[in-house]
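What follows is a set of notes on a single structure, which appears directly below.
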Amino acid sequence: MKVIIIKSENGNVSKKDIIEGDLGSVLRKAATEALAEWNENASDFIIMKDMHEVHIPLPLKPQTYEALKNFLKSRTKTEAIAEIPVFVISFDNEWVESDFKDKRVYVVSPYIDENSEKEITEYAKQVTSPVQEVEEEEEEE
């Protein structure tokens with residue numbers, strides 16, 4: 001299986017790799033890398049699992065089916081719907097008042113296709129993007 005690993009720092013992708021391997025093994029390797037970068041005096045170390053829904057147009061290419069077969073949830077006449085696990089390894093974070101802020105994370109997920117890669121990449125950027133943008137929009141309303 002192909003697995004994507006994205007390192008996101010302050011809203012930007014600093015590293016992206018797509019490698020062959022077992023999801024659990026790749027996740028543990030990424031967690032080991034994150035542990036080496038973690039400052040235990042400055043932040044928590046957390047691995048969180050989330051599920052991300054992807055919609056893939058039918059018919060599925062054989063390699064796409066292989067990547068999706070364990071995650072397929074349903075299908076319509078035009079697309080397959082799957083839920084893929086997305087793991088966020090947070091190793092540089094802080095509490096700002098009552099909000100938890102990730103500064104640097106690794107995001108690990110099965111690689112499905114280019115579209116899902118773009119979605120996961122955007123998700124990784126969003127996880128570490130500055131909070132002020134959201135707060136300013138709320139104040140304007």
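The values are calculated or read from the model by the stated rules, or taken from the named source; none is laboratory data. Model, not experiment: these values are computed from the prediction. Cβ placement follows ideal geometry from the backbone for every residue including glycine, while neighbour counts extend to all protein chains displayed. To get the accessible areas, we keep the full protein, side chains included, count just its heavy atoms, and leave off ligands, DNA and RNA. Shrake-Rupley method; radii C 1.70, N 1.55, O 1.52, S 1.80 Å.
Of all residues in region 38-68, how many are surrounded by 12 or more Cβ atoms within 10 Å (Cβ to Cβ) and of a type in the set (Gly, Ala, Ser)?
Residues meeting the conditions: 2.
Specify which of the listed residues (66, 94, 53, 83) is of a type outside the set (Val, Ile, Thr) and not in a strand (DSSP E or B).
66
All but one of (1) out of contact with any Asp or Glu (no Cβ under 7 Å at 6 or more places or on another chain); (2) modelled with pLDDT under 90 hold for residue 131; which doesn't?
Every listed condition holds for residue 131 apart from (1).
Within region 69-80, how many residues are touching a residue at least 24 places away in the same chain (Cβ under 8 Å) and part of a strand (DSSP E or B)?
Qualifying residue count for the region: 2.
With the requirement that a residue be open to solvent by less than 70 Å² (accessible area, probe 1.4 Å) and either aromatic (Phe, Trp, Tyr) or at positive phi (or both), what does region 6-37 give you?
Answer for region 6-37, where residues must be open to solvent by less than 70 Å² (accessible area, probe 1.4 Å) and either aromatic (Phe, Trp, Tyr) or at positive phi (or both): 11, 21.
From the list 87, 45, which residue is within 17 Å of residue 117 (Cβ to Cβ) and not small (Gly, Ala, Ser)?
Values: 45 fails: within 17 Å of residue 117 (Cβ to Cβ).
After ruling out the rest, the residue left standing is 87.
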